[in-house]
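Asks: The structure is given below, and queries will be raised subsequently.
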Amino acid sequence: MITSRIIKFLSTAALVVGFSTIVHAQATRTWVSGVGDDANPCSRTAPCKTFAGAISKTATGGEINVLDPGGFGGVTITKAISIISECIEAGVLVSGTNAIIINTPAAAKVLLQGLDIEGLGTGLQAVHIISASKVTVQRCSIRNFTLNAVNIAGPAGTRTVVVDCFLYGNTGGVNVGSAGVANVGLVMGTVMDNNSSFSTQIANTSTLFIGQSRLLGSPNAFTIAAGGTVSSFGDNSLQGAGLPTTTPGNK
């Protein structure tokens, strides 16, 4: 009887220790490196190799930081998180698929900063936002995707900020919303060049605010569905069908 109790106690203790290890395996700040390994804990001294490898070891609301140059692969983001690279080559290169999918709880916020996202002419969506409260795409270069550089697909109320980015050679630049889903996009200080269908597209019930940006080389600077709204301000330059070249305060 005593032996049985001892075994039960030891088994329970082992379970608690194991659970504690799993919980504490997630850090608020993790690191990736071009020479890292996803078997690592993603610490500063033992970084991971890919964003996908690091995200499972990063706590909700935490950060994945880029330690040195590398290609870190596509990733599906399912929780509030920031992926940040400061002045370091942080490549996301994909072929025939989406690069970054954001499908988080409705209240979650996501930041993508300083990423170089390449679709090789076969990638689908570069940043595909399915669910989030707010997504910020900052200082990113997004090129050569067959669909959109930034695709805001919902749900209603999703707010996406694209700031200081370069969107080149995709089919679409920024697509705000889908039919019947009201989303909000804010584009600031961004260059959209030579996207083959449109620079921006706004679905019915959705809104785009745009300022200090350059929309060039596309047949349509703005494609606006009935009921969609664009508010343009702050020295934009436009080329292609859509709203005329704007001055501050023009809507």
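Asks: How many residues does region 157-184 hold that are polar (S, T, N, Q), touching a strand residue (DSSP E or B) at 6+ places or on another chain (Cβ under 8 Å) and either surrounded by fewer than 24 Cβ atoms within 10 Å (Cβ to Cβ) or in a loop (DSSP other than H, G, I, E, B) (or both)?
Replies: Qualifying residue count for the region: 4.
Asks: What do you reckon, is Thr223 at pLDDT below 90 and among the polar types (S, T, N, Q)?
Replies: No: the conditions fail for Thr223.
Asks: Right, here's the next one. Those residues that are surrounded by fewer than 21 Cβ atoms within 10 Å (Cβ to Cβ), at pLDDT 95 or above and outside any strand (DSSP E or B), I need them from region 134-156; list them, please.
Replies: Within region 134-156, Arg139, Thr146, Leu147 meet the criteria.
Asks: With the structure loaded, tell me whether Leu216 is touching a strand residue (DSSP E or B) at 6+ places or on another chain (Cβ under 7 Å) and closer than 25 Å to Ser82 by Cβ or whether it fails that test.
Replies: It is false that Leu216 is touching a strand residue (DSSP E or B) at 6+ places or on another chain (Cβ under 7 Å) and closer than 25 Å to Ser82 by Cβ.
Asks: Shifting gears a bit: Suppose we filter Ser218, Ser199 for residues that are modelled with pLDDT of 90 or more, hydroxyl-bearing (Ser, Thr, Tyr), under 16 Å from Tyr168 (Cβ atoms) and part of a strand (DSSP E or B); which single one remains?
Replies: None of the others qualify; the one that does is Ser199.
Asks: Then there's this: Hey, could you check region 89-129 for residues that are within 21 Å of Gly53 (Cα to Cα) and touching a Pro at 6+ places or on another chain (Cβ under 9 Å) and say which is surrounded by the most Cβ atoms within 10 Å (Cβ to Cβ)?
Replies: Restricting to residues being within 21 Å of Gly53 (Cα to Cα) and touching a Pro at 6+ places or on another chain (Cβ under 9 Å), the top hit is Ala90.
Asks: Please determine, by comparing only the residues of region 73-88 that are farther than 17 Å from Thr136 by Cβ and more than 10 Å from the chain's Cα centre (by Cα), which one is surrounded by the fewest Cβ atoms within 10 Å (Cβ to Cβ).
Replies: The selected residue is Cys87.
The values are calculated or read from the model by the stated rules, or taken from the named source; none is laboratory data. As the structure is a computational prediction, the values presented were derived from the model and not from experiment. Note: ideal-geometry Cβ built from the backbone for every residue, glycine included; neighbour counts use all protein chains shown.
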